[in-house]
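Let me begin by presenting the structure, written as structure tokens, before commenting on it.
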């Protein structure tokens, strides 16, 4: 049984390209006791991946040269010598960018096929959704009537942040790139305002859409947009640092020169990582699943087919050429 | 009765100099009902003054061209048509850089002469002391055993931050400029470690003195030192943003390029301004007064004589040529 795998060939400077990756075919080894074999179906492509390629101390160790690229995925168990998983089970876990993965069951959990479309387990009912849920509610701490600004607003995390903030009674302003995404977050997702950062002056647009200042800023992008948001904080504002996609491919990261706005406005800026909330994923999934069933929370996935397309598909995260959660399909849901 | 006043002549770019100020002599006007006349004795020179010269929205309005420079001071009431203040009372308030000030009693409070040396009411028992007290305890939230790092550690605020952190059972590392200040904070104030940023590599020195990372960083300086501290945060660290004296005279402020350390370490960075705690100054003064009486909290003032020396004395804040709280003496304690 051959397994197509995407290995890290060398660390990129700037955007990853073909030379970053090695696409190899290997044989799937024999299962040991306590292991199971997973056939990947959908692989999650995330901005955080760029960070894992850097050889620096972070919340997860960097992917090493020659290793399978780290990724979350949903798949199906095709063989098991593990007491908790049986052949045919659908599972979600860190199985990497490959067609088959051997797991010892750690950080792996079963998903119920049919309850929601399977790609949803990588988007709104998965890591990005949980990131939005815990980042907004625990770090952003929105209160009814607050103005909540979110960047990357049409993306997997930002779109959920904005919708949850609406459900909590906030005024929601989203920042996205291009008229299609702006139309989507306003008309389909119900955001109050949309800012097209590719076609508007961001400072002016934030001033116009947040006349009373920003109470919660949920930052997915960093750079100039973070700086513009800091310049418009309300008294006691909370800035939740989720990511900085505009900076991930830069060799020199731009810090917010106006961070003293935190002092002037008695505001706080706090970073978080979703894996700290692992024990509460179930709670978040139930709550968000209910909202989805009631039609109050919408989800969108952008699916690219074929494992060999991983290197080019990944770039859509950084050039913005996708709408919703970016997913790589590498196998059929049912064989 | 003539009054020497320091007025803002023009806004400085970079360091203030002689051209920034107008030294004028005016006549003290007649008192109206509800007013009192204060003879200034000690005037507080503070890093925040540089910020008040900038024509930008901040926590206080900028000083206007032609206005008396804003300053806190202690003085004595020499005439009163105000029911709450009598001739001879000693008071602390925003009386500006001038020999005589007319007040309507707002934001003015009496101080008891003799309880502590009068300059102390502008340092440890005044605004800088309260800044240290509330900033450390409410924003930094130190816990016994924490490593607390403070910059500007020999200054009016930093020296109190470090001493209170020691009283709360923390390991305290101070950053100061030059061997004299480092010796002072270690030997006189009892800090565990001192870093001489003028003679040491700051990144290496923080690594050496904070082997387990920084739990609380109290920042008075910004710039490279803030960046170095962010690079060494412990999990869940709190960064209290009190000021950024290294940046106040810059035309372009340097933001912390490694602010994503907040994400990696699930840390927060929060700004504060002491005037929000006005109602609790009494509590802080009583607690710190007790510590001082018990010899657990030491205070140091650096006093420059003569109102005409204001322009040059102010520069000592930025070149570091002083030890302890910088104060301008403009009158005798008793006439």
Open item on the list: Can you go through B:42, B:59 and tell me which one is in contact with a helix residue (DSSP H, G or I) (Cβ under 6 Å, 6 or more places away or on another chain) and more than 24 Å from residue B:305 (Cβ to Cβ)?
Closed with: B:59
Open item on the list: Just to verify a result, which residue in the range A:71-85, among those that are part of a loop (DSSP other than H, G, I, E, B) and touching a strand residue (DSSP E or B) at 6+ places or on another chain (Cβ under 9 Å), is nearest to residue A:335 (Cα to Cα)?
Closed with: A:85
- [ ] State the number of residues belonging to the range A:92-113 that are surrounded by fewer than 23 Cβ atoms within 10 Å (Cβ to Cβ) and closer than 19 Å to residue A:283 by Cα.
- [x] 8
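Yes or no, residue by residue, for (1) crowded, with 19+ Cβ neighbours inside 10 Å; (2) touching a strand residue (DSSP E or B) at 6+ places or on another chain (Cβ under 7 Å):
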| residue | (1), (2) |
| --- | --- |
| A:16 | yes, no |
| A:22 | no, yes |
| A:36 | yes, yes |
| A:45 | yes, yes |
| A:50 | yes, no |
| A:58 | no, no |
| A:67 | no, yes |
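Tell me whether the range B:41-55 contains one or more residues that are within 19 Å of residue B:330 (Cα to Cα) and free of Cβ contacts under 8 Å to residues at least 40 places away in the same chain. Step through it out loud before you land on a result.
From the range B:41-55, those within 19 Å of residue B:330 (Cα to Cα) are B:41-46, B:49; that's our starting set.
Checking the rest, the ones that are also free of Cβ contacts under 8 Å to residues at least 40 places away in the same chain come to none.
Scanning the range B:41-55 turns up no residue that is within 19 Å of residue B:330 (Cα to Cα) and free of Cβ contacts under 8 Å to residues at least 40 places away in the same chain.
Working only within the range A:233-251, note down all residues that are more than 7 Å from chain B (Cβ to nearest Cβ) and either at pLDDT below 95 or on the phi > 0 side of the Ramachandran plot (or both).
Hits for the range A:233-251 are A:236, A:243, A:245, A:246, A:247, A:248, A:249, A:250, A:251.
Scan the range B:293-310 for residues that are surrounded by 17 or more Cβ atoms within 10 Å (Cβ to Cβ) and in contact with a helix residue (DSSP H, G or I) (Cβ under 9 Å, 6 or more places away or on another chain) and jot them down. Don't jump to the end; show me each part of the working.
First pass over the range B:293-310, keeping only residues surrounded by 17 or more Cβ atoms within 10 Å (Cβ to Cβ): B:297, B:299-302, B:304, B:307, B:310.
Once the filter is applied, which keeps residues that are surrounded by 17 or more Cβ atoms within 10 Å (Cβ to Cβ) and in contact with a helix residue (DSSP H, G or I) (Cβ under 9 Å, 6 or more places away or on another chain), the range B:293-310 yields B:297, B:299, B:300, B:301, B:302, B:304.
Matching residues to (1) modelled with pLDDT under 95; (2) touching a helix residue (DSSP H, G or I) at 6+ places or on another chain (Cβ under 8 Å):
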position: A:48; (1), (2): yes, no
position: A:54; (1), (2): yes, no
position: A:73; (1), (2): no, yes
position: A:126; (1), (2): yes, yes
position: A:149; (1), (2): no, yes
position: A:154; (1), (2): no, yes
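Considering each of A:58, A:40 in turn, give the residue that is under 25 Å from residue A:243 (Cβ atoms) and part of a strand (DSSP E or B).
Details: A:58 fails: part of a strand (DSSP E or B).
The unique qualifying residue is A:40.
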TODO: Please enumerate the residues belonging to the range A:55-79 that are more than 21 Å from residue A:312 (Cβ to Cβ) and within 20 Å of the chain's Cα centre (by Cα).
DONE: A:58, A:59, A:60, A:61, A:62, A:74, A:75
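Condition check ((1) without any contact (Cβ under 8 Å) to a residue 60 or more places away in the chain; (2) part of a helix (DSSP H, G or I); (3) within 7 Å of chain A (Cβ to nearest Cβ)) across all residues:
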residue: B:256; (1), (2), (3): yes, no, yes
residue: B:266; (1), (2), (3): yes, no, yes
residue: B:277; (1), (2), (3): no, yes, no
residue: B:281; (1), (2), (3): no, yes, no
residue: B:296; (1), (2), (3): no, no, no
TODO: Please tell me if residue A:63 is without any contact (Cβ under 8 Å) to a residue 60 or more places away in the chain and not in a loop (DSSP other than H, G, I, E, B).
DONE: no
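Confirm whether residue A:234 is in the same structural domain as residue A:136 (by TED's automatic domain parsing) and surrounded by fewer than 19 Cβ atoms within 10 Å (Cβ to Cβ).
Values: in the same structural domain as residue A:136 (by TED's automatic domain parsing): yes; surrounded by fewer than 19 Cβ atoms within 10 Å (Cβ to Cβ): yes.
In short, yes.
Is it the case that residue A:242 is under 21 Å from residue A:166 (Cα atoms), more than 24 Å from the chain's Cα centre (by Cα) and crowded, with 22+ Cβ neighbours inside 10 Å?
Numbers: under 21 Å from residue A:166 (Cα atoms): yes; more than 24 Å from the chain's Cα centre (by Cα): no; crowded, with 22+ Cβ neighbours inside 10 Å: yes.
No; evaluated as a whole, the condition is false for this residue.
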Open item on the list: Looking only at the range A:176-196, how many residues end up being in contact (Cβ under 8 Å) with a residue 12 or more places away in the chain and either surrounded by fewer than 16 Cβ atoms within 10 Å (Cβ to Cβ) or touching a helix residue (DSSP H, G or I) at 6+ places or on another chain (Cβ under 6 Å) (or both)?
Closed with: 11
- [ ] Give the residue that is farthest from residue B:207 (Cα to Cα), with candidates limited to residues of the range B:219-230 that are at the interface with chain A (Cβ under 10 Å from one of its Cβ atoms) and out of contact with any helix residue (DSSP H, G or I) (no Cβ under 6 Å at 6 or more places or on another chain).
- [x] B:222
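The values are calculated or read from the model by the stated rules, or taken from the named source; none is laboratory data. Predicted model only: the values in this text are computed from it and were never measured. We place every Cβ from the backbone using ideal geometry, glycine too, and count neighbours over all the protein chains shown.
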